Amino acid sequence: MEKTDGIGNENGSTEEKQSFKDGSICGYNSLHHLLSANLKPQLYQEVSRLLLGLNCGKALETIVPPESAKALSSKHDFDLQAFKFSADKELLREPRVVRVGLIQNCIALPTTAPFSDQKKAIFEKLGPIIDAAGASGVNILCLQEAWMMPFAFCTREERWCEFAEPVNGESTQFLQEFALKYNMVIISSILERDINHGETLWNTAVIIGNHGNIIGKHRKNHIPRVGDFNESTYYMEGNTGHPVFETAYGKIAVNICYGRHHPLNWLAFGLNGAEIVFNPSATVGELSEPMWPIEARNAAIANSYFVGSINRVGTEIFPNPFTSGDGKPPHPDFGHFYGSSHFSAPDASCTPSLSRYKDGLMISDMDLNLCRQLKDKWGFRMTARYELYADTLASYLKPDFEPQVISDPLLHKKSF
Ligand code: BAL
């Protein structure tokens with residue numbers, strides 16, 4: 001069955017049901033495609049308001065990408081969506097609008113292809129999508145976690161370490177040309193080979209400036225031991241803290257994948273002044289999909305900043321079945337990486353998601369003035385009790401920590 005955004009009815013044929021295996025939602029790109037195709041306009045509007053919130057009291061405005069970007073999107077079959085987050089007009093400050101892009105993609109060749117071919121094919125796949133971002137005037141672009149390789153850490157196989165490269169390696173050089181060409185900051189999440197420290201590996205986001213220079217890097221703070229995510233076989237928890245990178249377009253930070261489950265990780269980037277925090281990820285439906293729309297959105301609200309959430313798409317089949325001690329029989333893949341990349345704003349509004357199964361480019365204008373406007377409105381920074389949290393955390397770290405529990409004295413009384 002030709003995959004479209006048309007509905008597959010509930011009692012669809014086996015063939016139709018088969019076609020949904022690619023990760024579509026009943027044949028639709030995304031939840032919002034499904035809703036907009038099946039609800040009357042005024043119903044869809046109300047459902048959208050409840051699901052996506054309002055920005056400055058209105059539904060998020062869409063932006064029309066340039067024809068050249070739309071042409072690239074149809075020629076290379078990637079989902080292209082563009083929105084605009086506004087802020088209230090201020091009397092003493094001009095708007096600070098920045099255009100931000102997120103790219104999600106599946107691997108370009110089977111995991112059994114020669115590694116050099118796999119890398120080359122990914123570069124060739126990403127080129128046109130980055131060009132569409134450049135043609136659309138994107139100022140800051142973020143790619144997904146370990147974008148240049150299959151997310152092979154489930155296998156625990158040592159050979160995948162060959163994809164590791166220095167911060168200034170092949171992938172960074174590939175992107176530096178685009179950064180320079182489009183005057184664009186690019187966040188590139190790679191498997192880093194730390195040449196100066198025993199050639200160890202890290203899961204690292206490289207920040208490339210709009211002059212093609214390397215501004216810095218951040219290493220993933222939290223490494224999962226859940227499901228098939230055996231990343232701790234390859235790299236340790238990061239040692240770069242919570243850096244915020246001051247770029248030509250604003251202050252940005254990177255909370256890599258599993259770090260999105262740790263609210264204090266989000267908080268620390270906020271305390272360092274981040275205005276946009278990117279969450280390049282790789283995660284699968286069974287494990288995390290119900291959490292995906294919640295965690296980043298909550299972080300944006302709690303920290304009064306924007307969040308760009310990126311997840312890869314597709315199902316990556318590995319030649320040697322593996323198990324992760326979770327009771328499941330040996331299996332050759334993680335399951336479906338569900339894409340669904342999106343932006344969240346400090347006023348609790350968010351964009352719809354990119355496709356659940358197709359490559360995609362999500363673009364959004366965002367007026368960074370909104371961050372301070374929400375800080376002034378809600379006062380979360382002002383009303384936070386950091387001294388209390390610091391005391392609790394400091395005592396929790398002590399070997400003799402006792403939880404603060406007050407029990408009902410009658411609870412343990414013997415009843416005679
Ligand atoms: N990348 C680890 C799995 C998750 O955080 O959803």
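So the values come out like this:
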{"quantity": "Test set (1) away from the ligand (no atom under 12 Å from the Cβ); (2) out of contact with any helix residue (DSSP H, G or I) (no Cβ under 9 Å at 6 or more places or on another chain); (3) more than 19 Å from E165 (Cα to Cα) - V185 fails condition number", "calculated": "(2)"}
{"quantity": "Out of A205, A253, sole residue that is within 16 Å of the ligand (Cβ to nearest atom) and either charged (D, E, K, R) or under 19 Å from the mean Cα position of the chain (by Cα) (or both)", "calculated": "A205"}
{"quantity": "Filter result for E316 (within 12 Å of the ligand (Cβ to nearest atom) and assigned by TED's automatic domain parsing to the domain that holds G227)", "calculated": "no"}
{"quantity": "Subset tally (residues that are within 20 Å of P166 (Cα to Cα) and surrounded by 20 or more Cβ atoms within 10 Å (Cβ to Cβ)) for segment 224-233", "calculated": "1"}
{"quantity": "Subset of segment 247-294 (residues that are touching a helix residue (DSSP H, G or I) at 6+ places or on another chain (Cβ under 7 Å) and hydrophobic (A, V, I, L, M, F, W, C))", "calculated": "A253, W266, L267, V277, A282"}
{"quantity": "Single unsatisfied condition, P290 versus (1) surrounded by 17 or more Cβ atoms within 10 Å (Cβ to Cβ); (2) assigned to a loop (DSSP other than H, G, I, E, B); (3) within 18 Å of the chain's Cα centre (by Cα)", "calculated": "(1)"}
{"quantity": "Residue match in segment 165-172 (condition: within 16 Å of the ligand (Cβ to nearest atom) and surrounded by 19 or more Cβ atoms within 10 Å (Cβ to Cβ))", "calculated": "no"}
{"quantity": "Residue satisfying all of: in segment 245-287; of a type in the set (D, E, K, R) and crowded, with 20+ Cβ neighbours inside 10 Å; nearest to I301 (Cα to Cα) among these", "calculated": "E275"}
{"quantity": "In segment 347-368, the residues that are assigned to a loop (DSSP other than H, G, I, E, B) and more than 16 Å from N29 (Cβ to Cβ)", "calculated": "D347, A348, S349, L368"}
{"quantity": "Residues of segment 108-154 satisfying the condition of being away from the ligand (no atom under 16 Å from the Cβ), part of a loop (DSSP other than H, G, I, E, B) and touching a Lys or Arg at 6+ places or on another chain (Cβ under 8 Å)", "calculated": "A108, S136, G137, V138, N139, M148"}
{"quantity": "Output for segment 60-95, where each listed residue is in a loop (DSSP other than H, G, I, E, B) and out of contact with any strand residue (DSSP E or B) (no Cβ under 6 Å at 6 or more places or on another chain)", "calculated": "V64, P66, H76, D77, D88, K89, E90, L91, L92, R93, E94"}
{"quantity": "Leading residue by the ranking (farthest from the ligand (Cβ to nearest atom)) among those in segment 261-292 that are aliphatic (A, V, I, L, M) and in contact with a Lys or Arg (Cβ under 9 Å, 6 or more places away or on another chain)", "calculated": "L271"}
{"quantity": "Exclusive hit being of a type outside the set (S, T, N, Q), more than 16 Å from the ligand (Cβ to nearest atom) and part of a loop (DSSP other than H, G, I, E, B), set G216, G212", "calculated": "G212"}
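The values are calculated or read from the model by the stated rules, or taken from the named source; none is laboratory data. Just so we're clear, the structure is a prediction, and the values are computed from it rather than from any experiment. Here the Cβ is made from the backbone with ideal geometry for all residues, glycine too, and neighbour counts use every protein chain on show.
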